[in-house]
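Asks: Sending over a structure as structure tokens; questions will come in a sec.
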Amino acid sequence: MWQSDEICDGVGYPVELVIGSESIVLDFPKRAVREPINGEKFRYGFAIAPELVRTVLRDNEPDWVNTIFLSTRFRAWRVGGYNEYLYTFFKCLTGERITYANGWFAEAHDDTASIALDRWEVQRRCPHLKADLSKFGVVEGNTLTCNMHGWQWDLDTGRCLTARGHELRCSPL
Ligand code: FES
């Protein structure tokens, strides 16, 4: 959740997961997994058999839409419309996937954002797979490293040092 402000803000409310007799809450606004508070009502919820959840967790399954929701072996309830952000979240249960999806949503909304890093102004989204450089970017001297996959850029020119193309928008502050 902490890697994906776009998706958490897009979901916008806590979601209940009922797994057998247990109930847990994916609290997207608070970026937390917690127990339900007494009498709490939810706009969206899923009930999934415990053995199915155990299997996808055991297999480190990164896409619950494919393994659970498309199998129709679950129950769901909701108030209001379909929430595309929520299903995108369940498709992206690895750091790499969620970062990519987060960047995709962010760029769909805005690709002009810049941030200050050390003594440089740089574009907020990594030119590789859109990681948020305010979280993953590290500056050493004149080199920026994105710690999502370790790609590097020369901050004097914006040139990518790891692969051809992928220029970075940057300038000294
Ligand atoms: S997202 Fe891959 S290096 Fe930044």
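Asks: Pick from the stretch 80-98 the residues that are in contact with a Phe, Trp or Tyr (Cβ under 8 Å, 6 or more places away or on another chain) and within 15 Å of the ligand (Cβ to nearest atom): which of them is modelled with the lowest pLDDT?
Replies: Restricting to residues being in contact with a Phe, Trp or Tyr (Cβ under 8 Å, 6 or more places away or on another chain) and within 15 Å of the ligand (Cβ to nearest atom), the top hit is 98.
Asks: Here are the criteria: (1) within 16 Å of the ligand (Cβ to nearest atom); (2) within 19 Å of the chain's Cα centre (by Cα); (3) buried (at least 16 other Cβ atoms within 10 Å of the Cβ). Tell me which single one residue 113 does not satisfy.
Replies: Failed condition: (3).
Asks: Out of 144, 168, 173, 161, I need the residue that is away from the ligand (no atom under 14 Å from the Cβ) and in contact with a strand residue (DSSP E or B) (Cβ under 7 Å, 6 or more places away or on another chain). Which one?
Replies: Of 144, 168, 173, 161, the one residue that is away from the ligand (no atom under 14 Å from the Cβ) and in contact with a strand residue (DSSP E or B) (Cβ under 7 Å, 6 or more places away or on another chain) is 173.
Asks: If you don't mind, another one. Does residue 108 fit the bill of being free of Cβ contacts under 8 Å to residues at least 24 places away in the same chain, exposed (fewer than 14 other Cβ atoms within 10 Å of the Cβ), among the aliphatic types (A, V, I, L, M) and outside any loop (DSSP other than H, G, I, E, B)?
Replies: Against the criterion (free of Cβ contacts under 8 Å to residues at least 24 places away in the same chain, exposed (fewer than 14 other Cβ atoms within 10 Å of the Cβ), among the aliphatic types (A, V, I, L, M) and outside any loop (DSSP other than H, G, I, E, B)), residue 108 qualifies.
Asks: Here is a further query. Right, residue 77: surrounded by fewer than 18 Cβ atoms within 10 Å (Cβ to Cβ), away from the ligand (no atom under 14 Å from the Cβ) and more than 17 Å from residue 5 (Cβ to Cβ) or not?
Replies: Yes, satisfied.
The values are calculated or read from the model by the stated rules, or taken from the named source; none is laboratory data. Source: prediction; values computed, not measured. As a convention, Cβ positions derive from the backbone with ideal geometry for all residues, glycine included, and neighbour counts pool all protein chains shown.
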